[in-house]
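Asker: Quick one: the structure is below, questions incoming.
The values are calculated or read from the model by the stated rules, or taken from the named source; none is laboratory data. The structure presented is a predicted model; accordingly, all values stated were derived computationally and were not measured. When we count neighbours, we look across all protein chains shown, and the Cβ atoms used for this are built from the backbone with ideal geometry, even at glycine. Quick note on the areas: whole protein, heavy atoms, side chains included, nothing else; ligands and nucleic acids left out. Shrake-Rupley method; radii C 1.70, N 1.55, O 1.52, S 1.80 Å.
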Amino acid sequence: MSSVFSSCDFIAGWASGILALVVGHPLDTIKVWSQTLPEKSSTMKIVSTIYKHEGVKGYYKGMMFPLLSAGALNSIFFGVYGNTLRELQSLRGVEQTMSWFQERPYPQWYWDIMYAGCLGGFACSVVNCPVELIKTQMQTQTEQREVKVFERSHKFRNPWECFVYQYKMKGIPGVYKGWIPLLWRDVTASGVYMLVYTLSCQQLSEKQHWAIMLAGANAGMVSWAVIVPLDVIKSRIQADSRTHPKYRGMVDCAVQSYRTDGLGVFARGFWLIILRSLPVNAVTFVGYEYLMSFCQ
């Protein structure tokens, strides 16, 4: 980027990412279980099963690796998004702004928002794939045989052991298992995410805590709603065993899932995702907006 480059987006993104993870990880664990179990189960049954076999700590399984990387992921996303958007505004010769409350947008502003969001999602997916793979593998392993999701010859004691195992099996491609559906998911969702947030801000009268939370919650809800089928496929591929793989790829996973569980399988975890997205993204944008104001 040119003189419009700012490190504030990276700093604000880092802090807001950690905040969002702490709020949303338990619901994310329940969501992954609902998407990867061989049979459809109610949310309450999954909640009780995790608690029965793992206790409260079961809801936080797989959190360590995302906790170390959550700040970095959000930092990459908001850093790339913010600097790309300002660069596009600079090239168009319009006043550079990151606050859309009561803004009068310039022509093509929505394309700039979408493009910057999609680019941020793409950059984020490069780091996010190994994180999601390890998180999913850790979340779906249990101590009890009767609730085993996939046949696995190896049980991981910690995220690092899981990472090393995936790398030893197939090298770099091994830690990028499920990257194609994740890429489609993150790029699509990120563009929609920032566009909906901006549109929501323009409908609100002032930049206050409640307004930012409402706009953020709305952005999270809509962006996740449009990519749930991709998230289901991503989760199933990443939860699959290396030694006894069930799926050969994204299309094969979609076909097998449809044949086994019907069209409804692609909506599994939908309400959990929506429920999780509301507080997580409300917190994300409050943290981001106010840290941006402080930094600038």
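Asker: Considering only residues that are touching a residue at least 12 places away in the same chain (Cβ under 8 Å) and either among the small types (Gly, Ala, Ser) or touching a strand residue (DSSP E or B) at 6+ places or on another chain (Cβ under 8 Å) (or both), which ones fall in the range 241-296?
Answerer: 241, 249, 254, 257, 264, 267, 269, 277, 282, 287
Asker: List every residue pair whose Cβ atoms lie under 9 Å apart, where the two residues are 6 or more positions apart in sequence or sit on different chains, the first residue falls within the range 164-192 and is outside any helix (DSSP H, G or I), and the second residue, located anywhere, is basic (Lys, Arg) and buried (at least 18 other Cβ atoms within 10 Å of the Cβ).
Answerer: 178/234; 178/236
Table: residues versus (1) part of a loop (DSSP other than H, G, I, E, B); (2) in contact with a Gly (Cβ under 7 Å, 6 or more places away or on another chain); (3) open to solvent by 10 Å² or more (accessible area, probe 1.4 Å); (4) of a type outside the set (Phe, Trp, Tyr).
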{"site": "233", "(1), (2), (3), (4)": "no, no, yes, yes"}
{"site": "243", "(1), (2), (3), (4)": "yes, no, yes, yes"}
{"site": "256", "(1), (2), (3), (4)": "no, no, yes, yes"}
{"site": "272", "(1), (2), (3), (4)": "no, no, yes, yes"}
{"site": "275", "(1), (2), (3), (4)": "no, no, yes, yes"}
{"site": "285", "(1), (2), (3), (4)": "no, yes, no, no"}
{"site": "294", "(1), (2), (3), (4)": "no, no, yes, no"}
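Matching residues to (1) modelled with pLDDT under 75; (2) open to solvent by less than 90 Å² (accessible area, probe 1.4 Å); (3) closer than 23 Å to residue 38 by Cβ; (4) of a type in the set (Ser, Thr, Tyr):
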{"site": "136", "(1), (2), (3), (4)": "no, yes, yes, yes"}
{"site": "142", "(1), (2), (3), (4)": "yes, yes, yes, yes"}
{"site": "146", "(1), (2), (3), (4)": "yes, no, yes, no"}
{"site": "150", "(1), (2), (3), (4)": "yes, yes, yes, no"}
{"site": "154", "(1), (2), (3), (4)": "yes, yes, yes, no"}
{"site": "159", "(1), (2), (3), (4)": "no, yes, no, no"}
{"site": "162", "(1), (2), (3), (4)": "no, yes, yes, no"}
{"site": "167", "(1), (2), (3), (4)": "no, no, no, yes"}
{"site": "177", "(1), (2), (3), (4)": "no, yes, yes, no"}
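Asker: Under 7 Å between Cβ atoms, which residue pairs at least 6 apart in sequence (or on different chains) link something in the range 119-137 that is over 16 Å from residue 164 (Cβ atoms) with a partner that is open to solvent by 10 Å² or more (accessible area, probe 1.4 Å) and modelled with pLDDT under 90?
Answerer: Once the first residue is over 16 Å from residue 164 (Cβ atoms) and sits in the range 119-137, its partners that are open to solvent by 10 Å² or more (accessible area, probe 1.4 Å) and modelled with pLDDT under 90 give 124/73; 127/69; 127/72; 127/73; 128/73.
Asker: Separate question: Any residue in the range 51-65 that is in contact (Cβ under 8 Å) with a residue 60 or more places away in the chain and out of contact with any helix residue (DSSP H, G or I) (no Cβ under 9 Å at 6 or more places or on another chain)?
Answerer: Checked against the condition, which is being in contact (Cβ under 8 Å) with a residue 60 or more places away in the chain and out of contact with any helix residue (DSSP H, G or I) (no Cβ under 9 Å at 6 or more places or on another chain), the range 51-65 yields at least one hit.
Asker: Oh, and also: Exactly one of (1) crowded, with 23+ Cβ neighbours inside 10 Å; (2) closer than 20 Å to residue 234 by Cβ is unmet by residue 26. Its number?
Answerer: Every condition holds for residue 26 apart from (1).
Asker: Okay, moving on. With respect to residue 88, determine if the residue is of a type in the set (A, V, I, L, M, F, W, C) and either closer than 24 Å to residue 240 by Cβ or modelled with pLDDT of 80 or more (or both).
Answerer: It is true that residue 88 is of a type in the set (A, V, I, L, M, F, W, C) and either closer than 24 Å to residue 240 by Cβ or modelled with pLDDT of 80 or more (or both).
Matching residues to (1) open to solvent by 70 Å² or more (accessible area, probe 1.4 Å); (2) modelled with pLDDT under 80; (3) of a type in the set (Phe, Trp, Tyr):
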{"position": "40", "(1), (2), (3)": "yes, yes, no"}
{"position": "44", "(1), (2), (3)": "yes, no, no"}
{"position": "52", "(1), (2), (3)": "yes, no, no"}
{"position": "55", "(1), (2), (3)": "no, no, no"}
{"position": "59", "(1), (2), (3)": "no, no, yes"}
{"position": "62", "(1), (2), (3)": "no, yes, no"}
{"position": "66", "(1), (2), (3)": "no, yes, no"}
{"position": "71", "(1), (2), (3)": "no, no, no"}
{"position": "75", "(1), (2), (3)": "no, no, no"}
